[in-house]
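Beneath this line is the structure, given in structure tokens, with notes to follow.
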Amino acid sequence: MTYPGRRAPTGEPDWLTLGQAAKFLGVAQSTIRKWSDQGRVPAFYTPGGHRRYRRRDLEAFLDRSGPGGKATGPLVLVVDDDARLREFMRVNLEMEGYTVREASSAEEALGSIEDQAPELVLLDVVMPGIDGWEMLQRMQERYGSIPVIMFSGQVDENSAGDAEQRGARAFVGKPFDPQQLIERAKQLVPA
């Protein structure tokens with residue numbers, strides 16, 4: 001679905017500020033801020049911490065979320081305190097047909113699950129505050145058996161066994177090949 005009235009003339013900038021992106025989508029700035037925090041609308045950050053939105057990402061969001069639009073594939077929640085790693089995983093999963101939401105903490109992720117349960121969670125073990133193990137336990141108590149793939153840079157010979165013993169479906173060590181993670185995701189939840 002296209003929105004001819006919203007396509008940029010050739011002289012329009014490819015990158016939009018928060019205010020420009022909100023106007024482009026026809027929503028309040030607080031709404032697009034929430035959507036980008038949830039991973040529904042990709043945001044990039046300037047060195048000063050300001051959000052910038054790529055026009056083509058906003059157009060893709062409209063195509064899948066606008067009237068008659070639909071999500072492209074199974075919903076995956078990526079939980080990691082590293083924004084660059086979340087973006088890296090999101091981009092690779094979206095290219096494979098998944099719909100991706102992001103959370104930077106366990107608290108944010110649990111709130112996101114409350115709003116809409118994903119079909120798969122990719123969960124970092126080491127995060128400030130509530131770590132991945134604690135979040136996995138809380139998810140199991142509150143939401144039952146949402147499949148989880150755990151990942152961590154702190155890997156030893158027992159990591160995979162510990163993850164599966166605690167209820168995760170798989171464990172991947174960082175740094176990882178994105179294709180390895182995608183293959184694990186496809187095994188659990190085909191796109």
How many residues of the range 8-28 are closer than 9 Å to R55 by Cβ and at pLDDT below 50? The answer is 1
Does at least one position in the range 161-177 carry a residue that is in contact with a Ser or Thr (Cβ under 6 Å, 6 or more places away or on another chain), on the phi < 0 side of the Ramachandran plot and surrounded by 19 or more Cβ atoms within 10 Å (Cβ to Cβ)? yes
Are any residues in the range 102-114 surrounded by fewer than 24 Cβ atoms within 10 Å (Cβ to Cβ) and out of contact with any Phe, Trp or Tyr (no Cβ under 7 Å at 6 or more places or on another chain), and if so, which ones? S104, S105, E107, E108, L110, G111, S112, E114
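The values are calculated or read from the model by the stated rules, or taken from the named source; none is laboratory data. Source: prediction; values computed, not measured. Here Cβ is always computed from backbone atoms with ideal geometry, including for glycine, and neighbour counts include all displayed protein chains.
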